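The values are calculated or read from the model by the stated rules, or taken from the named source; none is laboratory data. This is a predicted model, so every value here is computed, not measured. When we count neighbours, we look across all protein chains shown, and the Cβ atoms used for this are built from the backbone with ideal geometry, even at glycine. Areas reflect the complete protein model, heavy atoms only, side chains present, ligands, DNA and RNA absent. Shrake-Rupley method; radii C 1.70, N 1.55, O 1.52, S 1.80 Å.
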Amino acid sequence: MPNKLYADAAAALEGVVFDGMTIMSGGFGLCGIPEKLIAALKASGTKNITAISNNAGVDGFGLGLLLETRQISKMIASYVGENKEFERQYLAGELQLEFNPQGTLAERIRAGGAGIPGFYTKVGVGTLVAEGKDVKSFGDEGYILETGLVADVALVKAWKADPYGNLVFRKTARNFNPVMATAGKVTIAEVEELVEAGALDPDAIHTPGVYVQRMFVGKDYEKRIEQRTVRTRDAA
Amino acid sequence: MAWNRDEQAARAARELQDGFYVNLGIGMPTLVANHIAPGIDITLQSENGMLGMGPFPYEDEIDADLINAGKQTITELRRSSYFSSAESFAMIRGGHIDLSILGAMEVAENGDLANWMIPGKMVKGMGGAMDLVAGVKRIIVLMEHNSKAGEAKFKTTCTLPLTGKNVVDMVISDLCVLARPAKGEAFRLVELAPGVSLEELRGKTEGAFEA
């Protein structure tokens, strides 16, 4: 079996990044983002990137790092509300932006990874999202045509991997990561822990290793929290 | 007296039925979870990939890998399950979620909903709102009856870009409850908040409803 394991994020990106490339980047908000790969992509200086990601990070973290350095020229996302630099670049016309409904975005990625070039959905019918798209009736309802998405490189973050690239995600850090793993021409997984072959229950693997070409173990995860909400223990 | 936000949320909670799978939007709708009646068992869906959303964690339980769609730290329950974003929206789009309670900028008398963008202002994106209104079986809107500028938010037609056409089943405002028995039918007045007269409501409402 070819070795999928690389030393670190920079090594894992070597030879697969180029100016004008399309990336997918997993995560929801800052939860489950490939924080090491994003930092390494920044260091690589790759420019004119189209980034497909549910969100755009925050100022100074996540994809916000690549916006600060103007490495991203187009975003395909569903919600970008947490990023001032994003807003500034967008309003100044420096950044292209395509909004997709979140489930449509997820399904476009799923379709891309599953070899499905397009699908009809009722989401967005009669809204700005439907403009310019083919409409077809099924029964008595209209549906719009959405296309599958693929990326030159998909960057995903998992909890555990085995040497074969089988991945397990943790709690809501799963989100877009497993679907994006299927839709990269090259998929790179950063993981918190590499376990021995056989240590993962084959029935409990979220992403089978066939989708993962490269991986590495990330160290010292920051895992920033956007909204730290707690309850207090009442004195009974 | 009109209802306050908590009373509106409590009124919305009366629409929850035992066994429902429910998605609550960000803002006032999240308050509905505080008013679920005893004996009514509800499973909350969070569209970032969780069923069985628990309460906020104690300080020593905070887990960065466990958040809701508002990016708030939460906890899991014995019933919880996790899944990908594609799976999450398959259950939303596929009609498996019983009820979603959302906020709104405008609702039209034909059930159109606008709650995601104001032209000329920075647009943050629709997130999962369009998917929810297109796929969830029943849509309840929780909103102020009038905007801060005093304009009616239940309108003849929406002036803002739509989130969905003909999607709203019930509106619970601080003044009243409006509902329609089926999509495509007219809204009817179900209930007035205490101390609100029909005359006052008509004066503060633009869209048509049956009294």
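Remarks
- A count restricted to the range A:102-128 and to residues that are farther than 30 Å from A:V212 by Cα, out of contact with any Asp or Glu (no Cβ under 9 Å at 6 or more places or on another chain) and either charged (D, E, K, R) or crowded, with 22+ Cβ neighbours inside 10 Å (or both) stands at 1.
- Residue tally, condition surrounded by fewer than 24 Cβ atoms within 10 Å (Cβ to Cβ) and within 12 Å of the chain's Cα centre (by Cα), over the range B:116-138: 1
- Checked against the criterion of being within 14 Å of chain B (Cβ to nearest Cβ), open to solvent by less than 40 Å² (accessible area, probe 1.4 Å), touching a residue at least 24 places away in the same chain (Cβ under 8 Å) and not hydroxyl-bearing (S, T, Y), the candidates A:P178, A:P208 yield just one match: A:P178.
Matching residues to (1) closer than 24 Å to A:G29 by Cα; (2) without any contact (Cβ under 8 Å) to a residue 24 or more places away in the chain; (3) assigned to a loop (DSSP other than H, G, I, E, B):
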position: A:W159; (1), (2), (3): yes, no, no
position: A:G165; (1), (2), (3): no, no, yes
position: A:E192; (1), (2), (3): yes, no, no
position: A:R233; (1), (2), (3): no, yes, yes
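- Within the range B:1-20, tally of residues that are open to solvent by 50 Å² or more (accessible area, probe 1.4 Å), more than 19 Å from B:N115 (Cβ to Cβ) and assigned to a helix (DSSP H, G or I): 2
- Any hit, the range A:123-135, residues being acidic (D, E), more than 24 Å from A:P178 (Cα to Cα) and modelled with pLDDT under 95: no
- Yes/no for B:L142 being farther than 15 Å from B:V107 by Cα, modelled with pLDDT of 95 or more and either aromatic (F, W, Y) or open to solvent by less than 10 Å² (accessible area, probe 1.4 Å) (or both): no
Residues are listed down the side, and each one gets a yes or a no for (1) away from every other protein chain (no Cβ under 13 Å); (2) outside any strand (DSSP E or B); (3) in contact (Cβ under 8 Å) with a residue 40 or more places away in the chain; (4) surrounded by fewer than 18 Cβ atoms within 10 Å (Cβ to Cβ):
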position	(1), (2), (3), (4)
A:T187	yes, no, no, no
A:E196	yes, yes, no, yes
A:D203	yes, yes, no, yes
A:M215	yes, no, yes, no
A:E222	no, yes, yes, yes
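- Residue match in the range B:71-91 (condition: farther than 18 Å from A:Y79 by Cα, open to solvent by less than 10 Å² (accessible area, probe 1.4 Å) and touching a residue at least 40 places away in the same chain (Cβ under 8 Å)): no
- The residues of the range B:74-91 that are more than 11 Å from B:L132 (Cα to Cα) and within 11 Å of another protein chain (Cβ to nearest Cβ), listed by number, are B:I74, B:T75, B:E76, B:S80, B:S81, B:Y82, B:F83, B:S84, B:S85, B:A86, B:E87.
- Cβ-Cβ under 6 Å pairs, at least 6 apart or on other chains, the range B:1-25 side without any contact (Cβ under 8 Å) to a residue 60 or more places away in the chain, far side open to solvent by 10 Å² or more (accessible area, probe 1.4 Å) and among the β-branched types (V, I, T): B:A13/B:I36; B:D18/B:I40
- Candidates A:D134, A:D140 - the one that is over 16 Å from A:M215 (Cα atoms) and out of contact with any strand residue (DSSP E or B) (no Cβ under 8 Å at 6 or more places or on another chain): A:D140
- Per-region count, the range A:130-156, residues open to solvent by 10 Å² or more (accessible area, probe 1.4 Å) and either among the charged types (D, E, K, R) or farther than 30 Å from A:K171 by Cβ (or both): 17
- Within the range B:49-63, if we keep just the residues that are open to solvent by less than 20 Å² (accessible area, probe 1.4 Å) and facing another protein chain (nearest Cβ under 7 Å), the residue that is nearest to A:V230 (Cα to Cα) turns out to be B:P57.
- Subset of the range B:92-110 that is open to solvent by 30 Å² or more (accessible area, probe 1.4 Å) and within 13 Å of another protein chain (Cβ to nearest Cβ) - its residue that is farthest from B:D174 (Cα to Cα): B:G94
- Only listed residue being touching a Ser or Thr at 6+ places or on another chain (Cβ under 8 Å) and either polar (S, T, N, Q) or open to solvent by 20 Å² or more (accessible area, probe 1.4 Å) (or both), chosen from B:N23, B:N34: B:N23
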